[in-house]
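A.B. asks: The structure under discussion is supplied below as structure tokens; questions concerning it will follow.
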Amino acid sequence: MTIEQLDRAIRTATGGIGWEEGNANNPTNLFKKLGSTLGVPDYIQVVQADLAPGAMFQKFLSDAARSVCTKLSEKEVNLPAQDRVLMVYADPETTLESAPDGVDANLQMLLLRYHGYQAVAGDPALSPWRWLFQSVSHVTGSPVEGWRAVCVGLMTHPNFYSI
């Protein structure tokens, strides 16, 4: 996946939120700003894209995921369910204890949205994501933080950026 494709994939998964800095009137796309560092060819000295997910790529993807998922989770706290893309089947107060089916339905939707994987009820693929959501929600006392962690995990997983 190229950096341009990664940027589009992140924006698609998050409903339009990208890795940007600056104010809303003049945002700077950090993937474009850091393109040469991430292996984007300049066609003067470098003519082929470096598509290897090396250490520098992983570092910047982690930064991007944490930034984007934080913005997304903070935004969704105040949105109605029909306008959300992260907490669709579970609201910001839902825990695994209060609504296990809602959490699982939300995880199924997120696996499909981020990885293209159609998980079914009881699918073992849900277990690590359920554990992550429950652990972070418990430690922080906030289900929103649990969903943010799931978002970061899904975005930094090789199934997100590998074709």
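The values are calculated or read from the model by the stated rules, or taken from the named source; none is laboratory data. Bear in mind the structure is a predicted one, so any value in this text is a computation, not a measurement. Using ideal geometry, Cβ is built from the backbone for each residue, glycine included, and neighbour counts are taken over all protein chains shown.
A.B. asks: I'd like the residue in segment 60-80 that is closer than 21 Å to residue 2 by Cα and of a type in the set (D, E, K, R) and, out of all such residues, is surrounded by the fewest Cβ atoms within 10 Å (Cβ to Cβ). Steps first, answer last, please.
C.D. replies: The first filter runs over segment 60-80 and keeps only residues closer than 21 Å to residue 2 by Cα, leaving 60-69.
Next, only the ones that are of a type in the set (D, E, K, R) stay: 63, 66.
Details: 63: 13, 66: 17.
My answer is 63.
A.B. asks: While we're here: Can you tell me which of 96, 126, 111, 86 is touching a helix residue (DSSP H, G or I) at 6+ places or on another chain (Cβ under 7 Å), in contact (Cβ under 8 Å) with a residue 40 or more places away in the chain and either part of a helix (DSSP H, G or I) or among the aromatic types (Phe, Trp, Tyr) (or both)? Give the derivation first.
C.D. replies: Numbers: 96 fails: either part of a helix (DSSP H, G or I) or among the aromatic types (Phe, Trp, Tyr) (or both); 126 fails: in contact (Cβ under 8 Å) with a residue 40 or more places away in the chain; 86 fails: either part of a helix (DSSP H, G or I) or among the aromatic types (Phe, Trp, Tyr) (or both).
Testing whether each residue is touching a helix residue (DSSP H, G or I) at 6+ places or on another chain (Cβ under 7 Å), in contact (Cβ under 8 Å) with a residue 40 or more places away in the chain and either part of a helix (DSSP H, G or I) or among the aromatic types (Phe, Trp, Tyr) (or both) leaves just 111.
A.B. asks: Against the definition (modelled with pLDDT of 95 or more, within 21 Å of residue 11 (Cα to Cα) and not basic (Lys, Arg)), how does residue 139 come out, yes or no?
C.D. replies: Details: modelled with pLDDT of 95 or more: yes; within 21 Å of residue 11 (Cα to Cα): no; not basic (Lys, Arg): yes.
Answer is no for this residue.
A.B. asks: Here is a further query. Against the definition (surrounded by 13 or more Cβ atoms within 10 Å (Cβ to Cβ), more than 30 Å from residue 50 (Cβ to Cβ) and at pLDDT 95 or above), how does residue 109 come out, yes or no?
C.D. replies: Working: surrounded by 13 or more Cβ atoms within 10 Å (Cβ to Cβ): yes; more than 30 Å from residue 50 (Cβ to Cβ): yes; at pLDDT 95 or above: yes.
Considered against the rule, which asks whether it is surrounded by 13 or more Cβ atoms within 10 Å (Cβ to Cβ), more than 30 Å from residue 50 (Cβ to Cβ) and at pLDDT 95 or above, residue 109 comes out as yes.
A.B. asks: How many residues does segment 5-35 contain that are of a type in the set (Val, Ile, Thr), free of Cβ contacts under 8 Å to residues at least 24 places away in the same chain and over 15 Å from residue 115 (Cα atoms)?
C.D. replies: Of all residues in segment 5-35, those of a type in the set (Val, Ile, Thr) come to 10, 12, 14, 17, 28.
Checking the rest, the ones that are also free of Cβ contacts under 8 Å to residues at least 24 places away in the same chain come to 12, 28.
Retained after the next criterion (residues that are over 15 Å from residue 115 (Cα atoms)): 28.
Final tally of qualifying residues: 1.
A.B. asks: Within segment 116-163, how many residues are crowded, with 16+ Cβ neighbours inside 10 Å and hydroxyl-bearing (Ser, Thr, Tyr)?
C.D. replies: 4
A.B. asks: Look at residue 64 and say whether it is part of a helix (DSSP H, G or I) and within 27 Å of residue 20 (Cα to Cα). Steps first, please.
C.D. replies: Details: part of a helix (DSSP H, G or I): yes; within 27 Å of residue 20 (Cα to Cα): yes.
Taking the combined requirement at face value, the residue satisfies it.
A.B. asks: Next up: Surrounded by fewer than 20 Cβ atoms within 10 Å (Cβ to Cβ) and either at pLDDT below 95 or not aliphatic (A, V, I, L, M) (or both), is that true of residue 83? Let's see the steps before the verdict.
C.D. replies: Values: surrounded by fewer than 20 Cβ atoms within 10 Å (Cβ to Cβ): yes; either at pLDDT below 95 or not aliphatic (A, V, I, L, M) (or both): yes.
So residue 83 fits the description; yes.
A.B. asks: Same structure, new question: Listed residues 49, 9, 24; which is small (Gly, Ala, Ser) and under 20 Å from the mean Cα position of the chain (by Cα)? Steps first, please.
C.D. replies: Details: 49 fails: under 20 Å from the mean Cα position of the chain (by Cα); 24 fails: under 20 Å from the mean Cα position of the chain (by Cα).
One residue alone meets the criteria, 9.
A.B. asks: Let me ask you something else. Taking segment 1-59, which residues are at pLDDT below 90, small (Gly, Ala, Ser) and surrounded by 14 or more Cβ atoms within 10 Å (Cβ to Cβ)?
C.D. replies: Within segment 1-59, 35, 39, 49 meet the criteria.
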